[in-house]
Amino acid sequence: MSQDIPTLNSEVTAIPTDKILGFQASIQGVDDLVFLTFGEPGFDAPKVVKEATIRGIQENHSHYGHSQGNPELRQAVIDYMQDRYGLTQYPSIDQVVITAGVSEAMYAIFKTLLSTGDGILVPDPAYGSYFSSIALANAQAIPVDTSTTGFKLTPELVAKTVAEATVPVKAVLFNYPSNPTGVTYSKEELAELAKAFEAAGVWVISDEIYSELTYGQEHHSIGEMIPDRAIVVNGLSKSHAMTGYRVGFILAPKAVAAELKKVHASLIYSIPTFVYDGALAALQMPKEDLQPMLSTYQVRRDMAVELLRSLDFDVLSPDGAFYIFAKLPEDIEEDGWTFAEKLAKDGKVGVIPGEAFSQFEGAKDYIRLSYAGDTEQLKEGLSRIKAYIEKRRAN
Ligand code: PLP
């Protein structure tokens, strides 16, 4: 007898998962497409990381490790966060959990802090996977529309959304620099938000995976302001071009970390032990060694912003990460899905419709473009977008 397989469909996630998958499948088949879709750094992992990982394998780091992450690596996380961001509020290795990327960290945190039906505020637009991960944890995402506040969460929005919520609000999920908009927050803005979170009595889950990728603006962790309620999440996927290594880390108040490590252990036990070696080497790399990557992203950002603006896309120049959330020009009278599909088929460039990141109507006028990949591909993609738009305008 066959049984139905439950699917993580759009009814559950409220993000049109099926539509996104359908869109991705439809553009995958297009010949000679330039993909400006993925948040995948177009760089190899650093040499020291590769060497350390290989050494780890040769030295037989192939056995079960400490499930929370080996103590040396956890200490390196603490040192790294102190050195880079002055984050001294999580000084004990008992407060650190090493995870299989930020993705696993998020799910483990939701499972730890949220019970069935609990609400969690998510500033919207947001990284789409959050919504399915929250749904998997049986909690309820409460999207907060940030389209009228420059895509930033504000203390007023926090207070208003909490007051109007129909379910108990237990947490806020915060990501900056942001995927998909690239916006980030100043120290002063974070301090104001910290007060609002404190007043709302919520846990703050802060996804700072793009912290290393800011352009001219220093990154501050909200953990600095409210360490008793902030769970800081970071990882090596983006900053060190190590997406496939699957390394994330969590810094949390002691009591939270104690529960988190149990959830993490029952989910995956630990990441591969030889990856600990590579991760340690990455965390100990001098900041200057990552600078060429950052400078390249900044050049690409400027190039993409300039081109899109010249074509009348409405673009907020991103302060960080490697995405541009662009509003379609007024004369393109169609939604992001239709535009993205036509751009792929007729213009041979892949971008993602804004609604893949949002539950609000306004996002239908947007697309997200990634400049993570490769400079030559980006140049080619941008020149194709220009040619495509000019051709449409000429007809
Ligand atoms: N968080 C955000 C905001 C992201 O944009 C991404 C990837 O695009 C992730 C988390 C996933 O990170 P990881 O590779 O560490 O699982």
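Under a 5 Å amide H cut-off, with hydrogens placed 1.01 Å from N, VAL144 pairs with VAL122, ASP124 among residues at least 5 apart or on other chains.
Helical runs assigned H by DSSP (4 residues or longer) give the chain a calculated mean residue ellipticity at 222 nm of -13000 deg cm²/dmol, each run adding -39500 (n - 2.57) before division by the residue total. In the chain, the C-alpha radius of gyration followed by the widest Cα-Cα span (Dmax) gives 20.9, 65 angstrom. In a reduced charge model with +1 at each Lys and Arg Cβ and -1 at each Asp and Glu Cβ, the stretch 66-175 shows a dipole moment near 80 debye about its Cα centre. Taking amide H as placed 1.01 Å from N in the peptide plane, the amide H of VAL172 sits under 5 Å from that of LEU121, TRP203, VAL204, ILE205, each at least 5 places away or on another chain. For the chain, relative contact order (Cα pairs under 8 Å, six or more residues apart, normalised by length) works out to 26 percent.
With charges only on Cβ, +1 for K and R and -1 for D and E, what is the dipole size of the stretch 63-286 about its Cα centre, in debye, rounded to 20?
Magnitude of the dipole: close to 460 debye.
The fewest-to-most ranking of SER295, SER237 by surrounding Cβ atoms within 10 Å reads SER295, SER237.
Find which of ALA258, ILE389, LEU307 sits farthest along the positive direction of the dipole of the stretch 249-395, computed with +1 on the beta-carbon of Lys and Arg, -1 on that of Asp and Glu, about the Cα centre. The residue sitting farthest along the positive end of the dipole is ALA258. Peptide packing: for 355-362, 243-250, 49-56, 169-176, the average count of neighbouring Cβ atoms within 10 Å per residue gives the ranking 169-176, 243-250, 355-362, 49-56, highest mean first. Loop-located chymotrypsin sites (Phe, Trp or Tyr not before Pro) across the stretch 267-327 with a Cβ neighbour count of 16 or fewer within 10 Å are TYR269, with loop assigned by DSSP. Taking each of LYS47/LYS152; LYS327/LYS348; LYS152/LYS327; LYS111/LYS287; LYS47/LYS111; LYS364/LYS391 in turn, the alpha-carbon distance tops 27 angstrom for LYS47/LYS152; LYS111/LYS287; LYS47/LYS111. Evaluated with a Cβ-only charge set (Lys, Arg +1; Asp, Glu -1), the stretch 282-374 carries a dipole of roughly 380 debye about its Cα centre, given to the nearest 20.
Using a Gaussian network model of the chain in which every pair of alpha carbons under 10 angstrom is joined by a spring, one finds that among ASN179, ASN234, ASN138 the greatest mean-square fluctuation is at ASN138. Taking the average, over residues, of other Cβ atoms within 10 Å as the packing measure, peptides 96-108, 31-43 rank 96-108, 31-43 from highest down. Computed 3J(HN,Hα) for the stretch 333-346, one whole-Hz value per residue from the Karplus formula 6.51 cos²θ - 1.76 cosθ + 1.60 where θ = phi - 60°, is 8, 8, 8, x, 5, 5, 4, 5, 5, 5, 4, 5, 6, 9, glycine and proline marked x. Nearest-5 percent of antiparallel DSSP beta bridges in the chain? Looking only at bridges with both residues in the chain, the antiparallel portion is about 45 percent.
Listed values for the stretch 160-167 are Karplus-derived 3J(HN,Hα) couplings in whole Hz (6.51 cos²θ - 1.76 cosθ + 1.60, θ = phi - 60°), namely 5, 5, 5, 5, 8, 5, 9, 10, and x replaces Gly and Pro. Working note: Karplus 6.51/-1.76/1.60 with θ = phi - 60° gives the stretch 117-123 the couplings x, 5, x, 9, 6, 10, x Hz, where Gly and Pro are set to x. Amide H to amide H distances under 5 Å link PHE249 with THR99, ASN234, GLY235, where only residues 5 or more positions off or on other chains count and H is placed in the peptide plane.
Here, each number is a calculation from the coordinates, and none is a lab measurement. Please read all numbers here as calculations on a predicted model, not as lab measurements. Positions of Cβ are backbone-derived with ideal geometry, glycine not excepted, and every protein chain shown enters the neighbour counts.
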